[in-house]
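A short reminder: the numbers here are calculations on the coordinates, not readings from a lab. This structure is a prediction, so every number in the text was calculated from the model and none was measured. Quick reminder, even Gly has a Cβ in these numbers, built from the backbone with ideal geometry, and neighbours come from all protein chains shown.
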Amino acid sequence: KELQEKPNNIESYVVLTWSLLRMGRYNETIAECNKALKINANESRIIETKAEALFYVNNYTESLTCFEKYLGSANPNQERYSTAYFFVGEIYRLQHKYEHADIAYSRALQIYPGASLWWYRLGISRENSGNKAGAKVAYQQALKWRPNYPDATAALKRVQ
């Protein structure tokens, strides 16, 4: 209703796209983000939301482009900054670019070190690139933050 009354209200688009994303309606999210980006092509919250939605529909190339734009223009203190680096790591991991994934996950963890899943994925990337010592450290960190993490426990056993 807000957008019907004020079709250029970027704040309404931000709330709408965040809601659509959280409901898993990714194609709708992308469509609404595209509308919002016609109003303000540099709105970092919309760019990040679109990037995440694109990730979930397996459009990794365009997702990575949006994440790179977001990370290049957003304030590093924004709430989603570390999450954006995590998603970049996920894209690179899924593309088997493990060294790139390592860099992205490591950056995400510099900002927010308490994410056990992120440590685990960093370990997976390091293990797949042949860096067993680095993988061991990452898996240990995952277990530090989540002691009962079965995947990390099994992975740590693999690299010891």
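The table that follows gives values for the structure above.
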quantity	calculated
Percent of alpha-carbon pairs separated by more than 18 Å within the stretch 101-160	21
Cα lying deepest toward the dipole's positive end in the stretch 47-160, options GLY130, VAL88, ALA108, charges on Cβ	GLY130
Low-density loop cleavage sites - trypsin sites (Lys or Arg not before Pro) in the stretch 1-61, where at most 10 other Cβ are within 10 Å (DSSP)	LYS1
Nearest-ten-degree value, helix 60-73 long axis tilted from longest Cα axis of the chain	80
Table column - 3J(HN,Hα) (Hz), the stretch 26-37, Karplus curve with 6.51, -1.76, 1.60, x for Gly and Pro	5, 5, 5, 4, 4, 4, 5, 4, 4, 5, 5, 5
In order through the stretch 14-22: 3J(HN,Hα) via Karplus (6.51 cos²θ - 1.76 cosθ + 1.60), integer Hz, x for Gly, Pro	4, 5, 4, 5, 4, 5, 4, 4, 5
At 1.306 mPa s and 10 °C, Stokes diffusion of the stretch 87-133 via Kirkwood alpha-carbon radius, µm² per second	157
Qualifying lysines (Cα of each under 29 Å from Cα of LYS38; at least 8 residues distant if same chain)	LYS1, LYS6, LYS50, LYS69
Cα coordinate range in the stretch 20-160, projected on the principal axes (Å, largest first)	53, 27, 26
